[in-house]
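**Q** Just passing along the structure, written as structure tokens.
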Amino acid sequence: MVGVERVLGAFGEHLVLTYASLFLSIAVGIPLAILSLKSKRLASFIMGFANLVQAIPSFAVVAIVVPLLGIGFTPAVFAIFLRALLPIVKNTYVGLSEVDEAMIDAARGIGLTEWEIIRYVRFPHAYPAMFAGIKFAAVLANSIAILTAIIGSGGLGSLVFEGLASFNTDKILAGSIPAILMAVFIDISFSYLEKRVTPEGIGGG
Amino acid sequence: MVIEMLFRRIETVELRDVTKRYGDFTAVDHVNLEIIGGELLILIGPSGSGKTTLLRTINRLIEPDEGEVFINGRNIKEFDVVKLRRSIGYVIQQIGLFPHMTVKDNIGLLLKLEGWSEEEIDKRVKELLHLVALPEDFVTRYPHQLSGGQQQRVGLARALALNPPLLLMDEPFGALDPILRKQLQEEFLRIKEVLGRTIVFVTHDIEEAFKLGDRIAIMRDGRLVQVGYPDELVLNPADEFVAKLVNVDKKFKHLDTLKVKDLMVDVEKYIVEVQRKDELLQWMRDKNIEFAVIVEKGALKGVTDLKSLLKSQDLEEALMEPLVFSPGDSLASALAEMKRRNAFLGVVVEREKPVGILLANEVLLKLL
Amino acid sequence: MDIRWVWESQNLAQRTLEHLRMFGIALALSVVIGVLLGLYLYRRPKLAPIAFNVLNILETVPTLALLVLLLPVLGLGEKPTIAASVIYSILPIARNTYTGLTSVERSYIEVAEAIGLSEREVLLKVRFPLALPLIAAGVRIAVVFTMGVVTLGGLIAAGGLGAPIQTGIHLYDRDIIIVTGLWVGALALILDGVAALIERYLRDRYGRR
Ligand SMILES: Nc1ncnc2c1ncn2[C@@H]1O[C@H](COP(=O)(O)OP(=O)(O)OP(=O)(O)O)[C@@H](O)[C@H]1O
Ligand SMILES: [Mg+2]
């Protein structure tokens, strides 16, 4: 058997790891997407880079971080951040840029500043795509946060790896089941949030 | 709340040698034009002649490659571009309402950005809705819950929110069906009187130009061909092109042979049998029409429009007696009658039942 | 950095072959199952929402958690790795197949019916070819998923390139990590690139607009 306290502790670490990385990705990703609006070249560079890195296996990304930053919590956060950043930047940028040109034209014509156009016109339209991106990033972060136990991040992954090493099924289950529940919770809660923030008058009508 | 405008009123808007190129192509070619404060100047010309491009140099959505624009003698490059645009209303054919905002938020956005209080915004939005003949309870609606004509009214209200002394309108009624266009033109004439501001108005439609414009500027291939009052253009056209554009008379030769029934439009959509005002209002909103022909046991009782309906106490008060023709009447005399009575429509009746509508402008359009 | 030493000591040639073998088997299975499921759901559209909901939920399960949960059933090694790859890859392929088949423009179908094709012929000769670009896009997503899962297989004794990465991390050996990590990354990009080319070819050949 695995102690309840051990599982709760690992679960806590897992949550901190997942959400710290996710928030970091959001905090960097959204400004990056806004910046991409300013320059077509920056945008195509970031989109190209995003598509590339998304094709690379997570395990390779986690491993490559070790020679750069060593092992432990911080390198793990960085690895997760790298992977979670891309869907957020990509979706937010697509959401922000795919807005009816006539509407932007009218907004500019009646005297909104570029910033006001982003804030009042582009952002509300980007919410659905942005939230889809954040949801995907959260699921990804939750998944990689198990894997990063191999570079010493702690969390539920430690239980899984210990279980693997000692053929201890209880430990394997104690590590993986909460992570799966967490994934389902993320999926449901973000879908709900997505519906809540989608402004009326967008989509549907 | 006082709004800070770059200019309170317009003395002149002067375009000097304005040129805009796209690569090798010259969209606007050395245009010189002076717009006089208080007038409504029409820009008209074929598609691609540079009307939109020229208009947009005035609010600096387009910066000319050569030449300059002056408002009240000051080069508009001296002004902060956002302040300039807030001092100039802008209405476009595609309207460009924000679909995620209610009517109130659409109209009130600039007011909010200018720091107005909620109460002041509420009051102003209601004022503007009243001005463009929309009911107050539209404030909570979203654009997709409005008809095309209603959306365009909201677009106009939004452009007028900060009370700009200059208004740029790019084919504002271009996308509307003829009946609605007619009605909005009428209303716009009224609004124009109330506001008394300077307007530059782009259109394709020579009828609209004659109807709304004080002066008319004709463009072709990026160049300004002629500017003048309607009679000047008709009596002294600068060239064949202008003559053709403005001279509609010779096309009416065959008018004598036509009957009312040849050019009337279908009335089916507008016919309703109701007793009460609210009932009719609801029906018109459901059908998204602004105009109705009321019948009693199939026989014509009268006509009314949304605007009169909203203003009056009950249905009886709102009912107007229309000009009535029969299908076999001569079209020429029907038109003459309409012109004399200053009516833009007549109802065509056969054995007391309405069978069609005669719209002055629609008839002209079909004859052209 | 001694690339050659890493390549030989870690047996990377052999590992690469193992890796590609698992990848190939998993992808082939995913394509077959995914397309068949897509076709089946096209025939039984009532089941589609349920099926896609279930697959969607499976998709969110952390990869390593799924791998280790398959251990008691399938043992260590290649089998659970391939099984997990397939489980993740079915969704994009089946979803795109289904969408591709159902979203063929009405006019094409009408023409096909008018010239006398049977329902089955319409499906095979009209709908399916027109759906190919979208199916290829689904397969491309599956390529990325499968590469990811197969690499993790190294952690449950499936061999492949995940194994030397694990070794590198355990030994804290920079060279092994960097060489193997970059090699896996490059391989993934190459495979993704090939998939993209195929997708583009099909889009040019059968694509609409
Ligand atoms: N951004 C642009 N790039 C290249 N060419 C342009 C651009 N904008 C306008 N043009 C060209 O300049 C010419 C004038 O365009 P403009 O929109 O001013 O015409 P318009 O008179 O408003 O026509 P319409 O009645 O169709 O609205 C057209 O031939 C158009 O193709
Ligand atoms: Mg135009």
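**Q** Looking only at the range B:203-214, how many residues end up being open to solvent by less than 30 Å² (accessible area, probe 1.4 Å) and within 14 Å of B:GLU39 (Cα to Cα)? Steps first, please.
**A** Our first condition is that a residue be open to solvent by less than 30 Å² (accessible area, probe 1.4 Å); within the range B:203-214, this holds for B:203, B:205-209, B:212-213.
Now drop any that are not within 14 Å of B:GLU39 (Cα to Cα), which leaves B:209, B:212-213.
Residues in the range B:203-214 being open to solvent by less than 30 Å² (accessible area, probe 1.4 Å) and within 14 Å of B:GLU39 (Cα to Cα): 3 in total.
Each row is one residue, and each column tells you yes or no for (1) touching a Gly at 6+ places or on another chain (Cβ under 6 Å); (2) modelled with pLDDT under 95; (3) in a helix (DSSP H, G or I); (4) facing chain C (nearest Cβ under 9 Å).
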{"residue": "A:ILE172", "(1), (2), (3), (4)": "yes, yes, yes, yes"}
{"residue": "A:VAL184", "(1), (2), (3), (4)": "no, yes, yes, yes"}
{"residue": "A:SER191", "(1), (2), (3), (4)": "no, yes, yes, no"}
{"residue": "A:LYS195", "(1), (2), (3), (4)": "no, yes, yes, no"}
{"residue": "A:PRO199", "(1), (2), (3), (4)": "no, yes, no, no"}
{"residue": "A:GLY203", "(1), (2), (3), (4)": "no, yes, no, no"}
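**Q** Name the residue, out of B:GLY89, B:GLY73, B:GLY50, that is away from ligand 1 (no atom under 16 Å from the Cβ), among the small types (Gly, Ala, Ser) and over 30 Å from A:GLY201 (Cβ atoms). Talk me through it step by step, then tell me what you get.
**A** Numbers: B:GLY89 fails: over 30 Å from A:GLY201 (Cβ atoms); B:GLY50 fails: away from ligand 1 (no atom under 16 Å from the Cβ).
One residue alone meets the criteria, B:GLY73.
**Q** Scan the range C:25-44 and tell me whether some residue there is of a type in the set (Lys, Arg), open to solvent by 60 Å² or more (accessible area, probe 1.4 Å) and within 19 Å of the chain's Cα centre (by Cα). Give the steps one after another, and end with the answer.
**A** Quick first cut of the range C:25-44, residues of a type in the set (Lys, Arg) only: C:43-44.
Remaining after also requiring open to solvent by 60 Å² or more (accessible area, probe 1.4 Å): C:43-44.
With within 19 Å of the chain's Cα centre (by Cα) added as a condition, the list becomes none.
Within the range C:25-44, not a single residue is of a type in the set (Lys, Arg), open to solvent by 60 Å² or more (accessible area, probe 1.4 Å) and within 19 Å of the chain's Cα centre (by Cα).
**Q** Oh, and also: Considering only residues of the range B:169-202 that are within 13 Å of ligand 1 (Cβ to nearest atom) and modelled with pLDDT of 85 or more, which is nearest to B:GLU34 (Cα to Cα)? Write out each step before concluding.
**A** Initially, the range B:169-202 is screened for residues within 13 Å of ligand 1 (Cβ to nearest atom), giving B:169-172, B:174-175, B:200-202.
Filter once more, so that each one left must be modelled with pLDDT of 85 or more: B:169-172, B:174, B:200-202.
Details: B:MET169: 17, B:ASP170: 18, B:GLU171: 20, B:PRO172: 22, B:GLY174: 25, B:VAL200: 11, B:PHE201: 14, B:VAL202: 15 Å.
The extreme case among them is B:VAL200.
**Q** Just checking, how many residues over the range B:1-48 are open to solvent by 80 Å² or more (accessible area, probe 1.4 Å) and within 16 Å of ligand 2 (Cβ to nearest atom)?
**A** Restricting attention to the range B:1-48, the residues satisfying the condition of being open to solvent by 80 Å² or more (accessible area, probe 1.4 Å) are B:1-2, B:4, B:8-9, B:11, B:16, B:21-22, B:24-25, B:30, B:32, B:34, B:47.
When the remaining residues are screened for being within 16 Å of ligand 2 (Cβ to nearest atom), the result is B:22, B:25, B:47.
Selection size over the range B:1-48: 3.
**Q** Pick out the one residue from B:VAL132, B:VAL103, B:VAL81, B:VAL91 that is in contact with a Phe, Trp or Tyr (Cβ under 6 Å, 6 or more places away or on another chain) and either within 10 Å of chain A (Cβ to nearest Cβ) or away from ligand 2 (no atom under 16 Å from the Cβ) (or both). Reasoning before the result, please.
**A** Values: B:VAL132 fails: in contact with a Phe, Trp or Tyr (Cβ under 6 Å, 6 or more places away or on another chain); B:VAL81 fails: in contact with a Phe, Trp or Tyr (Cβ under 6 Å, 6 or more places away or on another chain); B:VAL91 fails: in contact with a Phe, Trp or Tyr (Cβ under 6 Å, 6 or more places away or on another chain).
Among B:VAL132, B:VAL103, B:VAL81, B:VAL91, only B:VAL103 is in contact with a Phe, Trp or Tyr (Cβ under 6 Å, 6 or more places away or on another chain) and either within 10 Å of chain A (Cβ to nearest Cβ) or away from ligand 2 (no atom under 16 Å from the Cβ) (or both).
**Q** When the residues of the range B:54-78 are filtered to those that are open to solvent by 30 Å² or more (accessible area, probe 1.4 Å) and closer than 19 Å to B:TYR22 by Cα, which remaining residue is nearest to ligand 2 (Cβ to nearest atom)?
**A** Only one residue fits best here, namely B:ARG56.
**Q** List every residue pair whose Cβ atoms lie under 8 Å apart, where the two residues are 6 or more positions apart in sequence or sit on different chains, the first residue falls within the range B:28-55 and is farther than 12 Å from B:ILE218 by Cβ, and the second residue, located anywhere, is aromatic (Phe, Trp, Tyr).
**A** Taking only residues 6 or more apart or on different chains, the pairs are B:LEU40/B:PHE201.
**Q** Report yes if some residue within the range B:92-109 is open to solvent by 70 Å² or more (accessible area, probe 1.4 Å) and within 16 Å of ligand 1 (Cβ to nearest atom); otherwise report no.
**A** There is at least one residue in the range B:92-109 that is open to solvent by 70 Å² or more (accessible area, probe 1.4 Å) and within 16 Å of ligand 1 (Cβ to nearest atom).
Residues checked against (1) more than 16 Å from ligand 2 (Cβ to nearest atom); (2) more than 23 Å from B:GLY89 (Cβ to Cβ):
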residue	(1), (2)
B:ARG153	yes, no
B:LEU168	no, no
B:PRO178	yes, yes
B:GLU187	yes, no
B:ILE191	yes, no
B:ASP221	no, yes
B:ASP231	yes, yes
B:ASP239	yes, yes
B:VAL242	yes, yes
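Conditions tested, residue by residue: (1) assigned to a helix (DSSP H, G or I); (2) within 13 Å of another protein chain (Cβ to nearest Cβ); (3) out of contact with any Asp or Glu (no Cβ under 9 Å at 6 or more places or on another chain); (4) of a type in the set (Val, Ile, Thr).
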position	(1), (2), (3), (4)
B:GLN150	yes, no, no, no
B:GLY155	yes, yes, yes, no
B:PRO164	no, yes, yes, no
B:PHE188	yes, no, yes, no
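**Q** Ok, one more. Taking only the range B:6-47 into account, find how many residues are away from ligand 1 (no atom under 16 Å from the Cβ) and in a strand (DSSP E or B). Break it down stepwise before answering.
**A** Keep residues of the range B:6-47 that are away from ligand 1 (no atom under 16 Å from the Cβ), which gives B:6-14, B:16-17, B:32, B:34-40.
Retained after the next criterion (residues that are in a strand (DSSP E or B)): B:12-14, B:16-17, B:32, B:34-36, B:40.
Count: 10.
**Q** I would also like to ask the following. Of the residues that make up the range C:57-68, is at least one in contact with a helix residue (DSSP H, G or I) (Cβ under 8 Å, 6 or more places away or on another chain), without any contact (Cβ under 8 Å) to a residue 60 or more places away in the chain, open to solvent by 70 Å² or more (accessible area, probe 1.4 Å) and within 13 Å of chain A (Cβ to nearest Cβ)?
**A** As a first pass, look at the range C:57-68 and keep what is in contact with a helix residue (DSSP H, G or I) (Cβ under 8 Å, 6 or more places away or on another chain): C:57-68.
If we keep only those that are without any contact (Cβ under 8 Å) to a residue 60 or more places away in the chain too, we end up with C:57-62, C:65-66.
Restricting the remaining residues to those that are open to solvent by 70 Å² or more (accessible area, probe 1.4 Å) gives C:57.
If we keep only those that are within 13 Å of chain A (Cβ to nearest Cβ) as well, we get C:57.
Yes: the range C:57-68 contains one or more residues that are in contact with a helix residue (DSSP H, G or I) (Cβ under 8 Å, 6 or more places away or on another chain), without any contact (Cβ under 8 Å) to a residue 60 or more places away in the chain, open to solvent by 70 Å² or more (accessible area, probe 1.4 Å) and within 13 Å of chain A (Cβ to nearest Cβ).
**Q** Working carefully through the options C:ALA195, C:ALA158, find the one that is out of contact with any Ser or Thr (no Cβ under 7 Å at 6 or more places or on another chain), crowded, with 20+ Cβ neighbours inside 10 Å and of a type in the set (Gly, Ala, Ser).
**A** Working: C:ALA158 fails: out of contact with any Ser or Thr (no Cβ under 7 Å at 6 or more places or on another chain).
Selected residue: C:ALA195, the only one of C:ALA195, C:ALA158 that is out of contact with any Ser or Thr (no Cβ under 7 Å at 6 or more places or on another chain), crowded, with 20+ Cβ neighbours inside 10 Å and of a type in the set (Gly, Ala, Ser).
The rows are residues; the columns are (1) within 14 Å of another protein chain (Cβ to nearest Cβ); (2) not aliphatic (A, V, I, L, M).
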{"residue": "A:VAL16", "(1), (2)": "no, no"}
{"residue": "A:LEU24", "(1), (2)": "no, no"}
{"residue": "A:GLY29", "(1), (2)": "no, yes"}
{"residue": "A:LEU35", "(1), (2)": "no, no"}
{"residue": "A:LYS40", "(1), (2)": "no, yes"}
{"residue": "A:SER44", "(1), (2)": "no, yes"}
{"residue": "A:VAL66", "(1), (2)": "yes, no"}
{"residue": "A:PRO87", "(1), (2)": "yes, yes"}
{"residue": "A:ASP105", "(1), (2)": "yes, yes"}
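The values are calculated or read from the model by the stated rules, or taken from the named source; none is laboratory data. Predicted model only: the values in this text are computed from it and were never measured. Note: ideal-geometry Cβ built from the backbone for every residue, glycine included; neighbour counts use all protein chains shown. The area values use the complete protein model at the heavy-atom level, side chains included, leaving out ligands, DNA and RNA. Shrake-Rupley method; radii C 1.70, N 1.55, O 1.52, S 1.80 Å.
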